[in-house]
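Everything below concerns the one structure shown next.
Bear in mind these aren't lab numbers, they're just calculated from the coordinates by the rules spelled out. Just so we're clear, the structure is a prediction, and the values are computed from it rather than from any experiment. Using ideal geometry, Cβ is built from the backbone for each residue, glycine included, and neighbour counts are taken over all protein chains shown.
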């Protein structure tokens, strides 16, 4: 990258409206050309919660768009899936802001506003396994920086990504959060759980156990016997299970990516949990900025408003 | 063991009544002294399905007990748990028929019949993890034989056991069946599943994938993308998931026990699935006899009716 191009990327349009619209959340940002967030909307209007996407967008962002009619409007996340408003097909990896913005799908809303739906990312592993993400790539772009970096975005489906000079080279999904919820709520393991507070000692024990022989399906059973034999109180069992699954995720990702240092991108409390776990397993961990998605949307907007800069 | 003792064990009482009474099933056997099953009852009257254990026992076995008033009556399985009829505390490993029968709890039923509740087994691993089983130990005794053997009893909670000269040395639980059900029914993975039939190709693909880097939480996601990208039809996804979790179980057990040869004890269709999986992973597998529980109950009865033989 040349200094000139960086400057072009960074300047972007005078104002922009970026929406990170996922399954269960709606986060919108009004930004200036340097990426400073001037105003924001956070709501639970995820795509599963609303019927009329156009009206929901108007309700949250219509006043911004009226005030700044020339501001580009970008939407990323599950809103661009088949279950969303307008489908934007996946963009294959390796991909950076240029490739992603280049696959955006243009649409005109009921109020006549031009908006752009960002694609998600896909990657096919050498062994033929497909990977997909929608929305996380915006956050990843926002913290990608230069050089090689391994990022983790923890959650229901944790995403680990290898980023090289601002482009996502490959990534892998771990169904940690969803497996934790299913095992807690829909198996015998939940029977003895009496709370969900964080118990650091039980969490650490789960992390340590995840490295023993036998694998996850075996280790899970000690959440049962840990309660049966009263080695742990009922209120610690959830943390024991959490340590087990997060420990397995991290060990699996270490095998996959060869991780020594990780940037954790996510909400404060979950990010803190991952830093705790990564450190316990000897991996250096930092926490990314909380406005990663806004920053990523700004980089995408710069590509859309000045497409030549990405070629 | 001397020839005399074997003869004593094998002869046992003239008639015996053995009940393998689990969470969701009730299986009772009327046997002669050589262990031949003269009559049997199979029902869904597991401990979760019935309120009055005494009446349920009478309904299924009362006529046998009336006809053979001197026949010992043994009950094993979850019926001896805290949620069952009479609690029989766990017997620690290593344990064989002598140790297990020695910890039986005697009880007199409402009709005045003397019955004996068999304990379950417990084992504490060198790393401090507790293991428990109730009922499976009866089947294990029934097929234990002599020398060292590794057995697997597949199910919701698969039990792997190392048996040395008829005594359970150690064992490990894998929550394979329950994790499969929870992931199929209560996560996004079930959304694209359109059937539960066995698809050998998808099952084999799941087994193979279970050996790739990343671990189970990562591998699970390919059941999602395998459907999304139409690499597998919806009716094959259940088999793909089944191959993944059974593959992880077997690889975990191999690490745990150092398995080269396994005896599979269980229902015909699940046993066949495990033999298929074990063979695919290069482990020699045989299927145990279907009457393992009856045989085990007979060995326990011999210890109870001739306790000196076990000392």
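Values for this structure:
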quantity: Percent of alpha-carbon pairs separated by more than 23 Å within region B:229-310; calculated: 44 percent
quantity: Region A:27-68 shape via C-alpha gyration tensor axes, a/c threshold 1.5; calculated: oblate
quantity: Other-copy label distances relative to residue A:164, 7 angstrom Cα-Cβ extension, nm; calculated: 5.1
quantity: Cα gyration tensor, region B:195-274 - rounded (a/c under 1.5), prolate or oblate; calculated: oblate
quantity: Highest-first arrangement of B:96-102, B:41-47, B:241-247, where packing means the average Cβ count within 10 Å; calculated: B:241-247, B:96-102, B:41-47
quantity: log₁₀ of I(q)/I(0) at q = 0.14 Å⁻¹ - chain B, Debye sum with one point per alpha carbon; calculated: -1.04
quantity: Alpha-carbon Rg with Dmax, taken over region B:65-210, Å; calculated: 19.2, 57
quantity: Residue-averaged beta-carbon neighbours from other chains (10 angstrom radius) around A:242-251; calculated: 2
quantity: Shortest-first distances to equivalent copies, position residue A:267, nm, label 7 Å out along Cβ; calculated: 4.0
quantity: Theoretical FRET efficiency, 1/(1+(r/R0)^6), r = Cβ-Cβ of residue A:82 and residue A:38, R0 35 Å, to 0.05; calculated: 0.60
quantity: Rounded to 5, the percent of DSSP beta bridges in the protein assembly as shown classed as antiparallel; calculated: 70 percent
quantity: Average other protein chain Cβ within 10 Å of Cβ, residues A:222-231; calculated: 4
quantity: DSSP-defined antiparallel bridges as percent of all bridges, chain A, nearest 5; calculated: 70 percent
quantity: Shortest-first nm distances, residue A:255 label point to equivalent points in other copies (7 Å, Cα→Cβ); calculated: 0.6
quantity: 222 nm mean residue ellipticity, helices alone, for chain B (DSSP H n ≥ 4; -39,500 (n - 2.57); rounded to 500); calculated: -11500 deg cm²/dmol
quantity: Overall form of the protein assembly as shown per C-alpha gyration tensor (a/c, 1.5; a/b vs b/c); calculated: prolate
quantity: Those residues of region A:117-138 whose amide nitrogen sits under 19 Å from the label point placed on residue A:24, 7 Å along Cα→Cβ; calculated: A:133-137
quantity: Alpha-carbon Rg with Dmax, taken over region B:133-218, Å; calculated: 16.4, 48
quantity: Cα-projected label distance for residue A:260 with residue B:287, points at 7 Å along beta-carbon direction, nm; calculated: 5.2 nm
quantity: Residue mean of other protein chain beta carbons inside 10 Å, A:178-189; calculated: 6
quantity: Nearest-ten-degree value, helix A:292-305 long axis tilted from longest Cα axis of chain A; calculated: 30 degrees
quantity: In degrees, nearest ten, helix B:268-280 long axis to first principal axis of chain B (Cα); calculated: 50 degrees
